[in-house]
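Computed from the coordinates by the stated procedures, all read-outs in this text should not be read as laboratory data. Since this is a predicted model, take the numbers as computed values, not measurements. Please note: Cβ atoms are built from the backbone with ideal geometry, for glycine as well, and neighbour counts cover all protein chains shown.
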Ligand SMILES: NC(=O)c1ccc[n+]([C@@H]2O[C@H](COP(=O)([O-])OP(=O)(O)OC[C@H]3O[C@@H](n4cnc5c(N)ncnc54)[C@H](OP(=O)(O)O)[C@@H]3O)[C@@H](O)[C@H]2O)c1
């Protein structure tokens with residue numbers, strides 16, 4: 001099968017399309033023929049070993065100290081089940097699925113644990129649309145629901161509101177009943193408003209932290225603010241939640257957790273089949289929708305990486321695998 005393979009950490013050019021063996025599946029796995037995947041900021045960080053700040057060493061220990069442990073990256077996927085392990089009852093042959101793998105989705109076939117973050121693809125979405133959602137939506141869901149515990153009526157400021165996580169954070173915060181202000185650049189103001197932001201601040205023209213005290217939560221998906229700067233715009237019990245964080249934010253989170261008042265909270269998102277089912281349901285009901293920046297064929301995956309590294313994509317950079325018709329088809 002064809003796969004995007006990298007043997008060493010480095011720039012986009014280290015990724016090459018090669019013929020590799022199709023993965024074997026175990027009793028509790030399914031084999032998915034991939035029609036669409038994406039390049040996420042996490043794929044880029046792992047490929048380039050571009051882990052923020054003090055996360056470099058933990059990142060290297062996790063993904064391979066001297067060279068990458070898994071040679072095929074790729075987390076988001078959509079496609080169809082073409083082989084089912086003996087002990088799998090959740091999926092049938094031919095079923096259209098989407099999901100979030102730890103790696104391996106930048107390939108024509110992917111072995112996936114049947115009890116992992118894999119679910120029936122929403123019938124209303126094409127494979128390319130379905131593959132654009134899990135990373136951003138699962139992250140935003142965990143940050144807003146579990147870490148920030150957003151409640152109806154709260155005022156939420158999303159920094160990076162048009163990005164891979166931010167585009168879903170705006171939609172999900174709104175779904176949870178919050179009043180959302182999104183921060184983005186001039187070209188993306190209309191997009192962020194269409195995702196449900198009550199107010200949109202163009203960071204190129206306005207200071208998004210100018211108002212004193214309105215926000216219950218400031219979710220920084222873009223790594224552009226600090227607690228010191230964000231503090232002023234938080235209300236008395238407001239929370240600053242940076243999703244790119246380092247030792248400083250960890251210390252601030254520990255320190256502020258011991259006292260009343262404004263707090264820093266940090267955390268890591270996770271990906272479960274239960275949450276993917278929630279995301280699938282929200283997509284089916286039209287409560288959230290995919291946001292696609294651009295689409296590349298697998299052969300041009302290096303260009304997809306370059307687009308992600310710009311840090312100015314809107315939503316997801318999708319990669320189609322096999323024929324473009326399969327990727328855009330919504331049929332099972
Ligand atoms: N902790 C965790 O578990 C976790 C989970 C998921 C992701 N992450 C991390 O979260 C980060 C966000 O990922 P992502 O996929 O959402 O990134 P992304 O798609 O690259 O989004 C970048 C966003 O930042 C905005 N931006 C760029 N420069 C800016 C500036 N100077 N001022 C204001 N906004 C600016 C962009 O808006 P414009 O294009 O309009 O400028 C864009 O909306 C990544 O670092 C990722 O590694 C962490």
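Going 7 Å from the Cα of residue 151 along its beta-carbon direction, which residues of the stretch 232-251 have the amide nitrogen within less than 15 Å of the resulting point?
Those under the cut-off are 235-239.
If I take R0 = 35 Å and measure r between the Cβ atoms of residue 69 and residue 124 in this structure, what FRET efficiency does the formula 1/(1 + (r/R0)^6) give, to the nearest 0.05?
Computed FRET efficiency for residue 69 and residue 124 comes out at 0.40.
What number, rounded to the nearest 500 deg cm²/dmol, is the helix-based mean residue ellipticity at 222 nm of the chain, given -39500 (n - 2.57) per DSSP H run of at least four residues and division by all its residues?
Computed ellipticity for the chain at 222 nm equals -6500 deg cm²/dmol.
Can you give me the relative contact order of the stretch 210-332 as a percent, contacts being Cα pairs under 8 Å and 6 or more apart?
Relative contact order, the stretch 210-332: 16 percent.
Can you tell me the orientation of helix 166-175 relative to the chain, as the angle in degrees between its alpha-carbon axis and the longest Cα principal axis, to the nearest 10?
With rounding to tens, the tilt is 70 degrees.
Taking square-rooted eigenvalues a ≥ b ≥ c of the alpha carbon gyration tensor, is the stretch 38-124 rounded, prolate or oblate, where a/c under 1.5 means rounded and, failing that, a/b exceeding b/c means prolate? The partial results should precede the final answer.
Details: a/c = 2.79, a/b = 2.19, b/c = 1.27.
Judged from the Cα gyration tensor, the stretch 38-124 comes out prolate (a/c at least 1.5, a/b above b/c).
Between the stretch 84-150 and the stretch 153-203, how many Å separate their Cα centres?
Their Cα centres are 24 Å away from one another.
Per-residue counts of other Cβ atoms within 10 Å, averaged by peptide: what ranking do you get for 234-244, 22-32, 310-320, highest first?
Packing order, densest peptide first, comes out as 310-320, 234-244, 22-32.
Sorted from fewest to most neighbouring beta carbons within 10 Å, what does the list 133, 150, 156 look like?
Taking fewest neighbouring Cβ atoms as first place, the list is 150, 156, 133.
What shape does the stretch 100-253 have by the C-alpha gyration tensor, where a ≥ b ≥ c are the square roots of the eigenvalues, rounded means a/c under 1.5, and otherwise prolate means a/b greater than b/c and oblate the rest?
prolate
Please sort 194-200, 33-39 by packing, taking for each peptide the average over its residues of neighbouring beta carbons within 10 angstrom, highest first. Display every interim value, and only then the final one.
On the way: 194-200: 19.4, 33-39: 29.3.
Final packing ranking: 33-39, 194-200.
What ranking do 295, 226 get, fewest neighbouring Cβ atoms within 10 angstrom at the top?
Ranked by crowding around the Cβ, least crowded first: 226, 295.
Indicate the gyration tensor shape class of the chain (rounded, prolate or oblate), computed on the Cα atoms with a ≥ b ≥ c the square roots of the eigenvalues: a/c under 1.5 is rounded; otherwise a/b larger than b/c is prolate and the rest oblate. Let's see the in-between values first.
Working: a/c = 1.81, a/b = 1.56, b/c = 1.16.
It is prolate, given that a/c is not under 1.5 and a/b is the larger ratio.
Based on alpha-carbon centroids, what's the gap between the stretch 232-255 and the stretch 1-61 in Å, whole number please?
Using only Cα atoms to place each centre, the spacing works out to 31 Å.
Give me 56, 44 ranked fewest to most by other Cβ atoms within 10 Å of their Cβ, as a rough exposure proxy.
Least crowded to most crowded, the residues run 56, 44.
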